[in-house]
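Worksheet: one structure, shown below.
The values are calculated or read from the model by the stated rules, or taken from the named source; none is laboratory data. Fair warning: this is a prediction, and the values are worked out from it, not measured in the lab. Heads up, the Cβs are rebuilt from the backbone with ideal geometry, glycines too, and the neighbour counts pull from every protein chain shown.
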Amino acid sequence: MKNLEITINKPIIFAMQALQKNALKCLVVVDKFGFYKGTLTDGDIRRFILDKKNINGNISKVYQKKSIKFIENEFKINDLKKILLKKNIPLIPIVNSNNKLVSIITLLDLNKKINKTNKINKINTQVVIMAGGKGTRLAPFTNVLPKPLIPINDITLIELIIKKFTDVNIKDFYLTINFKSKIIKAFFQEIKKNYKTKFITEDKELGTAGALRFLIGKFKKPFFVTNCDTIINDDIKSIYSYHTDNKNKITVVAAIKKSTIPYGICELKKNGDLNSIVEKPTKNFLVNTGMYVINPEILRLIPKDTIYHFTDLIKAVKQKKYKIGVYPINEDAWIDVGQWDEYKKAINIL
C-alpha cells in the first residue's frame with residue numbers, strides 16, 4: 001500500500017516520479033500522521049502546471065480533496081466494484097472512523113481488470129517517425145548505420161520506438177527518410193513485423209517538419225509525430241486523449257527537466273542592492289521531447305519543397321490563433337537517444 005501513498009508536503013516533482021512508477025497513475029494523499037486528505041493523479045498535476053505555470057512547490061494545492069472514500073466495515077465489496085467500474089477510477093481509499101487511512105482497494109483487484117484494461121489501451125490512429133536525419137551526434141556509429149538502426153541492446157532504436165505504439169494496438173507507421181534511406185528500407189523488408197510501414201523519401205533535407213507536407217490527405221484524425229531518437233515511457237493513450245479532449249491542433253509532449261546553475265546567483269532588491277546570494281540553484285523547465293500529436297488539417301500550412309522546422313509550424317499555427325497544448329511528463333519518462341550519455345542510459349535501463 002505504501003507505493004500508493006504520498007504525504008501532503010511532498011514536492012510536485014517527487015509526486016510525478018512516484019506516479020511514473022505507479023501503474024495506476026493515482027496516489028492517496030495523507031498527512032504526516034497517516035490521516036486521509038484526498039487523491040492525486042498525473043492529470044491533476046498536469047492541469048495545475050498548465051494553469052499555474054508552476055512546476056515547483058508541493059502538492060498541497062494540487063490534490064483532489066473531494067475524492068471518493070469508504071469507511072471500513074461499512075461497505076460491501078460489490079459496492080466498491082460497481083463504483084470503480086462505473087466511474088472508471090483506479091482506486092478507493094478505506095479509512096477508519098477517525099479518517100485515518102487503513103487500506104486501498106484498486107481496480108487491479110477486480111476480476112474484470114484484464115478485459116477492461118485491454119479496451120482502455122487501444123488507440124486507432126497512425127504514427128509518423130521522422131527518420132531522415134544524419135545523426136551526427138552519434139558519430140562514428142552513424143557513419144556506418146543510419147541513426148534509426150543503431151542497436152539498443154538486442155533491438156534497433158526505431159523498433160523500440162515502434163513497440164511503444166504497437167503496445168497500444170497502433171499498427172500504421174509512416175517513416176520519413178533521407179540519409180542512408182536504402183539501408184532503412186532494406187531493413188524493414190527483411191524483418192518480421194505485425195504492423196505496416198510506409199516510406200516518405202525526401203530528395204533533399206527538408207528540416208524537422210518539411211516532409212510532413214507529403215502526408216496531406218493521408219489522415220482523417222489526429223496522429224502522432226515523433227523524432228526517431230525520442231523514447232517516451234509514458235501513457236500513450238493519455239497523451240492522445242489529452243489532445244482530443246482539449247481540442248488542440250498540436251500537442252507538444254514536454255519533459256520536466258532539472259537544470260542546476262553551478263554558480264552563486266545574486267538576487268537584488270528593487271533599488272538594485274543585493275538581497276541574497278543563492279548558491280547553485282536548481283530550476284525546473286518544460287523541455288520539448290520531439291513527440292507531438294497533430295491534427296491533419298494543419299499540414300497544409302507547411303510550404304512546398306522548403307526547409308521547414310517544427311518550430312516554424314508551431315509559429316504558423318499560433319498565428320492562426322489555433323490551440324496548442326503541452327502535455328508534461330516526468331524527466332525520467334524521456335530518453336533522448338541522440339546524445340551519447342542518454343544512449344548509454346538507454347542501454348542500461350531498457
| task | State which residue is farthest from the chain's Cα centre (by Cα) when the search covers only the range 219-266 and only residues that are under 17 Å from residue 284 (Cβ atoms) and in contact (Cβ under 8 Å) with a residue 60 or more places away in the chain. | result | 258
| message | On the basis of being within 27 Å of residue 48 (Cα to Cα) and of a type in the set (D, E, K, R), does residue 76 make the cut? | response | no
| Yes/no for residue 238 being in the same structural domain as residue 315 (by TED's automatic domain parsing) and surrounded by 14 or more Cβ atoms within 10 Å (Cβ to Cβ) | yes
| said: Going by what's in this entry, would residue 201 be described as of a type in the set (Ser, Thr, Tyr) and without any contact (Cβ under 8 Å) to a residue 40 or more places away in the chain? | reply: yes
| request: Quick one: residue 61 ticks every box in (1) of a type in the set (Lys, Arg); (2) at pLDDT below 80; (3) over 20 Å from residue 239 (Cα atoms) except a single one, so which number is it? | output: (2)
| over 30 Å from residue 47 (Cα atoms), charged (D, E, K, R) and either in the same structural domain as residue 48 (by TED's automatic domain parsing) or in a loop (DSSP other than H, G, I, E, B) (or both), is that true of residue 341? | no
| field | Where a residue in the range 301-319 is in contact (Cβ under 8 Å) with a residue 60 or more places away in the chain and outside any loop (DSSP other than H, G, I, E, B) and its partner, wherever it lies, is small (Gly, Ala, Ser) and surrounded by 13 or more Cβ atoms within 10 Å (Cβ to Cβ), with Cβ under 7 Å and at least six apart | value | 310/209; 312/209; 313/209
| Within the range 249-278, how many residues turn out to be within 28 Å of residue 334 (Cβ to Cβ) and part of a strand (DSSP E or B)? | 13
| field | Residue list for the range 311-342, filter: surrounded by 20 or more Cβ atoms within 10 Å (Cβ to Cβ) and out of contact with any strand residue (DSSP E or B) (no Cβ under 7 Å at 6 or more places or on another chain) | value | 313, 338
| note | Condition set closer than 23 Å to residue 217 by Cβ and of a type in the set (D, E, K, R), scope the range 282-308, selection surrounded by the most Cβ atoms within 10 Å (Cβ to Cβ): answer is 297
| note | Picked from the range 84-100 (must be at pLDDT 80 or above and surrounded by fewer than 16 Cβ atoms within 10 Å (Cβ to Cβ)), the residue nearest to residue 34 (Cα to Cα) is 100
